[in-house]
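Visitor: One structure, as structure tokens, below. Some questions next.
The values are calculated or read from the model by the stated rules, or taken from the named source; none is laboratory data. On a predicted model such as this, the values are computed, not experimentally measured, just so you know. Note: ideal-geometry Cβ built from the backbone for every residue, glycine included; neighbour counts use all protein chains shown. Note: accessible area is taken over every heavy atom of the protein model, side chains too, but ligands, DNA and RNA are not part of it. Shrake-Rupley method; radii C 1.70, N 1.55, O 1.52, S 1.80 Å.
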Amino acid sequence: MLIFLRLFAGCFLQLAPYAALCSFPFCAYYRFSKRKTVLLTFAVMAGSAGVFAAASVSLSRMISDRTVLFQAVNGVFMACLLPCFLWYIFSIRAVREKKVFVFAFSLLSALSINSVCNLFFNLYLNIPTGGLPYSGASLWITFVVSALVLPVLVLILKYFYLPVAESMTAKESCFLARLSLLLFAVFSAGFSFISYRHLLDNPMTVFLFFALLFSVFVYYVLYFKMFYYAHERFVAQENYLQMQYEMQLLTAQYQRTQENIEASRRMRHDIRHHLLALQGLLSRGDVQAATEYIRKNIRVMSEHEILTFSENQIVNVLFSHYYFLARESAIRLTARIALPVTLDIDDPDLSVLIGNLLENALEAASEAPAERRYIRLNMRCDGNILVLASDNGFSGSVLVEDGQYRSTKEGHAGIGLKSIAQIAEKYRGGFEFWHDESEFHVSVMLQLKAPHKKYP
């Protein structure tokens, strides 16, 4: 019974640090609540440790050769990792290839640490590692070493892997995961069944042993560095595309404003002709024709006027532009806006924020069924807080990767939503995007430098 408890505790203590390392990059993507996930993970590890301990005790009664027993027990340990791996894949909502890579990286790190510790036990402490593991002080030494090395491994993932993981495509993630699995398979086949006593008889073999371990982590650093430079190029390209997108947005708004100004100029120029035409119709007593003539001109003028949504003229120009676009697409756009004449926010940022939000809403609502072709927008200023909320109908189809919304258009990557997020961050605010079965919701809050009067 004591042997079973020792093996159970040893296996559990060996699994726990690396379970934390595996979950570190994905702590925001748990399928269940954090507390429930931790409890269930402990239960899976305890079950695997129990199976390992029971199988190891049984093998010790059947196998007398300590070297063969050591190799058999290591094989059982590898088999007990399978339920842990399956639970890990299921419990986290993220790209499968990324989870596989982190899992393989953690296992390879654990294998390397245990191999070095086993070599140290045989070389200096003379603690036997053949037969059943976790004997004497070896368990606690291995646990302490793992606890000391674990922060370094967390930093490696934090500063070398996480910055580039988001920009990696599924194909790149798959390639990285396969290489990691191949490395783990090769090393586990060699190091899990190695005889450390025989290894110590040949100093050159010991040198090759450490050189091989060192080369693995050099490989990881170089590979991370390569992806880091690729990530920098990706960010530069994304920033360029975003600037291009924002320029197109501002250009479209500018052209619409110029068209409105030009139309107003033409109407002012033609007003004399309109008056002469009306005079002619009325002089003949054709009141009906004069009425129809006036009605048509009112309709033409209303298509180019700037509507009044608030006291802020920039916001009026922007909303007028998208109001007419929505009307042309048979989309019902309603807005409740309470803003002062001036806002403590740069005009380009305000234009990009409203433009991106309404551009995405129009695109989504235009593909929705007739009963969902609507956009409801609320915008108000309360002191130094600017709040903007939008709800729009959509077709029910969305694309979400790693918890982020992506554009459903080919060649688009959801740049509009990223622009909104960046502006919210610039003004020390926050944002939230979410959807239900029939509506897509956006909420943005900006913190302005100067307070404004409160609007009802």
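Visitor: Work out the charge dipole of segment 1-145 with +1 on the Cβ of Lys and Arg and -1 on the Cβ of Asp and Glu about the Cα centre, then indicate which of Ala16, Ser135, Leu108 is farthest towards its positive end.
Guide: Of Ala16, Ser135, Leu108, it is Ala16.
Visitor: Top to bottom by accessible area (1.4 Å), largest first, where do Phe214, Phe4, Phe120 land?
Guide: Details: Phe214 140, Phe4 60, Phe120 90 Å².
My answer, sorted largest first, is Phe214, Phe120, Phe4.
Visitor: Now, a different point. In nanometres, what is the gap between the two model label sites at Phe214 and Ser33, each 7 Å from Cα along Cα-to-Cβ?
Guide: The modelled label-to-label distance comes out at 5.0 nm.
Visitor: What are the ³J(HN,Hα) couplings of segment 30-37, residue after residue, when phi is run through the Karplus curve with 6.51, -1.76, 1.60 and θ = phi - 60°? Round to Hz, x for glycine and proline.
Guide: My calculation for segment 30-37 gives 5, 5, 10, 5, 4, 5, 5, 5 Hz in order.
Visitor: Need the full-extension length gain, Val341 to Tyr229, defined as separation in residues times 0.36 nm minus the C-alpha distance. One decimal, nm. Provide the component values of the computation, followed by the final result.
Guide: On the way: separation 112, 0.36 × 112 = 40.32 nm, distance 4.58 nm.
That works out to 35.7 nm of additional length.
Visitor: Something else: In the structure shown, do any of Lys158/Lys418; Lys34/Lys225; Lys171/Lys418; Lys171/Lys426; Lys34/Lys426 have a Cα-Cα gap over 25 Å, and if so which? Write out the running numbers ahead of the final one.
Guide: Details: Lys158/Lys418 22 Å; Lys34/Lys225 32 Å; Lys171/Lys418 23 Å; Lys171/Lys426 33 Å; Lys34/Lys426 30 Å.
From the list (Lys158/Lys418; Lys34/Lys225; Lys171/Lys418; Lys171/Lys426; Lys34/Lys426), the Cα-Cα distance tops 25 Å for Lys34/Lys225; Lys171/Lys426; Lys34/Lys426.
Visitor: At 0.36 nm per residue, minus the direct Cα-Cα distance, what do Trp434 and Ser58 gain on full extension? Give it in nm, one decimal, please.
Guide: Numbers: separation 376, 0.36 × 376 = 135.36 nm, distance 5.33 nm.
Length gained, Trp434 through Ser58: 130.0 nm.
Visitor: So what does Arg295 come to for accessible area, using a 1.4 Å probe and Å² rounded to 10?
Guide: 120 Å²
Visitor: For Leu182, Leu15, give me the order by solvent-accessible area with a 1.4 Å probe, most accessible first, ignoring ligands, DNA and RNA. List each step's numbers first, then the result.
Guide: Values: Leu182 105, Leu15 20 Å².
So, going from the largest accessible area down, we get Leu182, Leu15.
Visitor: Output wanted: per-residue J couplings in Hz (rounded whole) for segment 338-349, from phi through Karplus 6.51 cos²θ - 1.76 cosθ + 1.60, θ = phi - 60°, x for Gly and Pro.
Guide: Karplus values, whole Hz, x for Gly and Pro: 10, 9, x, 4, 10, 10, 7, 8, 4, 4, x, 5.
Visitor: Given a Förster distance of 22 angstrom, what is the FRET efficiency for Arg327 paired with Ile294, based on the Cβ-Cβ distance and rounded to 0.05?
Guide: On the way: r = 22 Å, r/R0 = 0.98.
About 0.50, to the nearest 0.05.
Visitor: Roughly how far apart, in whole Å, are the Cα centres of segment 324-398 and segment 22-49?
Guide: Result: 40 Å between the Cα centres.
Visitor: Using a 1.4 Å probe, how large is the accessible area of Arg66, given in Å² and rounded to the nearest 10?
Guide: 140 Å²
Visitor: What distance in nm lies between label points placed 7 Å from Cα along the C-beta direction at Ile385 and Gln71?
Guide: So the two model labels end up 6.8 nm from each other.
Visitor: Further question on the same structure: Need one value: the accessible area of Thr37 in square angstrom, 1.4 angstrom probe, rounded to the nearest 10.
Guide: We get 10 Å² for Thr37.
Visitor: Next question, about the same structure. How would Tyr322, Tyr29, Tyr240 rank on accessible area, largest to smallest, probe 1.4 Å? Mind showing how you got there, number by number?
Guide: Working: Tyr322 5, Tyr29 70, Tyr240 135 Å².
Ranked from most to least accessible, the order is Tyr240, Tyr29, Tyr322.
Visitor: Let me ask something additional. Taking a label point 7 Å from the Cα of Ile3 along the Cα→Cβ vector, which residues of segment 33-66 have an amide N closer than 15 Å to it?
Guide: Under cut-off, by backbone N: 52-66.
Visitor: Multiply the residue gap between Leu179 and Tyr240 by 0.36 nm, knock off their C-alpha separation, and tell me the result in nm, one decimal place.
Guide: On the way: separation 61, 0.36 × 61 = 21.96 nm, distance 3.22 nm.
Once the chain is fully extended between Leu179 and Tyr240, it gains 18.7 nm.
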